[in-house]
Amino acid sequence: MVTLDRLANILGGYGVRLRLGSMPRSTELRSVVLHGGDQGPAEVGDVLLGVGARSVAEVVGWAVSARAVVALVRGEDEFADDPQTEEVAVMVIDPAVAWSEVAAVVYGLVQEGRETEAGRGPTDLFALADSLSTAVDGAVAIEDRLSRVLAYSRPQQHLDPARVETILSRQMPPWLHAVFDAHGVFAHLAASDEPLFVPAQEERGMTGRMVVAVRVGEQLLGSVWVSCPAPLTGARHQALAAGARTVALHLLRSRASADLERQVESELVIRLLEGAADAAAVAGRLGLAPQGLRVIALQAGIADEQHAALLVIFERATTGFGWSRSSRSALVGDTVYTVLPADQAATARRWISERQAALPPQMTVLAGISGVARATELAAARREADECLALCAVQAQSADAEPLAYDESWDEILLQRLRTAGSSGRTPVRGPVSQLRRHDQANSTQYVATLGAWLQAQGDPVAAGAQLGVHENTVRNRLRKMAEVTDLGLDDPRRRLATMIELAVTGDA
């Protein structure tokens, strides 16, 4: 069931102000009632939409009559210290928000907001599986289009190992997927609404299966599977076909509810990333702590299908109802941004790895991690994550390389900034280093490399020689000859620093 806490968090994104009264945030909400005009509400319900109410006091009176625990009223009226409001949780809606929009949100969340263990759809999908199981006289499993288990009927006698493994892993195991693929099951589901029978595979511990597509229009949403020794016929066959249509409606409504939550979540995350003045309040609406946060920037690709890959990774990042997840995400342009409570970079890397594990193997993912930030600092953290992501792309990291975190790689990022500036033609074309570089090109000397090694070794010719693979006297000799080519000014600390920066930017150090 949806709770008052979740309803308040979602509606908070629409400018709704809440007074709890004596209602705990864990209060479960099961029904919605619309005020019935002068005659009062025609029915009772947990949430009352006070269309036409002129004040908080009036809508509270309507709510008491309707035995509602939550009342919504639209207008400028502020909360008063009226003791009547203690009987009901009152939500005051911004006048700029239309009743139709609020009603759609409330009905979507309350009527279809029941959560499954997988974080999608209503719990009565399990009840539907039980009902369908009785009608067809066989164990039922409902799966999405990626063969992930959404619901299943109560245990029955003689469960075959294939069904047990599928339920325990929450997804069809690869070997079973291969068996069904060899029988043309998935091609059939993509093209037909007729139930299909798959014979038993005794050597693999699988009884027969009857499967039917769950479809809305041309869109395949999933499938319904029945364990049965022989094809279903007559009333059982009709019950399976009708059940698939009912499942389709459930999945469609639960998808709409999940998409609504994603939209509200994304809007709030974007406000944080853009540096909203009320960042702490926005973080609170998202259920995030005001500090100890990191921003993760993600980009993905499957061959040339970047946009499809982004949608896949965004779906994985937002799998599960938002308030059962620690992370909050938004898709902005070609990047998925996630705000994650993580004092340590390892926590963020673990989150990324978990998302990657659920992605197709051919998908490439690049990620950048910001430093730890407060909610009010997330705009700056977003830029840090972007720079780490850009550096990953420049370095063309291998698939098993760890994502970069800003607080661990700030020095390399600073140099990358300078390299970027240098690539636009802003590095010196004249000066000591440029003169040495031209001398090396004309005379096949190695003065620039020697100078870089000497500076990295902090003036130690022994360490510089070891790095270059030459004797320390060779280093000293090269330094003397460099002084004949140009005035390096290595006795001046500022010149040494400038020389080191130029060498780092141009990749010579």
Spin-label point model (7 Å from Cα, Cβ direction): what's the Asp193 to Leu497 distance in nm? 7.4 nm
Starting from the 7 Å offset along Cα-to-Cβ, what nm value, one decimal, do you get for the label separation of Met363 and Ala98? 3.5 nm
Along the range 55-63, Karplus-curve 3J(HN,Hα) (6.51, -1.76, 1.60; θ = phi - 60°) to the nearest Hz, with x for Gly and Pro, reads 7, 4, 4, 5, 5, 5, x, 4, 5
Charge tally in the Cβ shell below 11 Å around Ser329, where Lys, Arg are +1 and Asp, Glu are -1, Ser329 excluded: +3
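How do Ser353, Ser153, Ser26 rank by accessible surface area computed with a 1.4 Å probe, from largest to smallest? Show your work: numbers first, answer last.
Working: Ser353 65, Ser153 5, Ser26 85 Å².
Ranked from most to least accessible, the order is Ser26, Ser353, Ser153.
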When the solvent-accessible surface of protein heavy atoms is calculated with a 1.4 angstrom probe, in what order do Thr364, Thr445 fall, highest first? Thr364, Thr445
Probe 1.4 Å, all protein chains in place: accessible area of Trp410 in Å², nearest 10? 140 Å²
Whose amide H sits under 5 Å from the amide H of Leu221, counting only residues 5 or more places off or on another chain, with H placed in the peptide plane? Val214, Arg215, Val216
Please state the shape class of the range 169-217: rounded when a/c is under 1.5, otherwise prolate if a/b exceeds b/c and oblate if not, all from the C-alpha gyration tensor. prolate
Between Ser444 and Glu402, what is the label-to-label distance in nm when each label sits 7 Å out along the Cα-to-Cβ direction? 4.4 nm
Between Glu202 and Glu412, what FRET efficiency comes out of the Förster formula 1/(1 + (r/R0)^6) with R0 = 51 Å and r the beta carbon distance, rounded to 0.05? 0.30
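The values are calculated or read from the model by the stated rules, or taken from the named source; none is laboratory data. Since the model is a prediction, treat every value here as computed from it, not as a measurement. Here the Cβ is made from the backbone with ideal geometry for all residues, glycine too, and neighbour counts use every protein chain on show. For the accessible areas, the whole protein counts, side chains as well, though only heavy atoms, and no ligand, DNA or RNA atoms are used. Shrake-Rupley method; radii C 1.70, N 1.55, O 1.52, S 1.80 Å.
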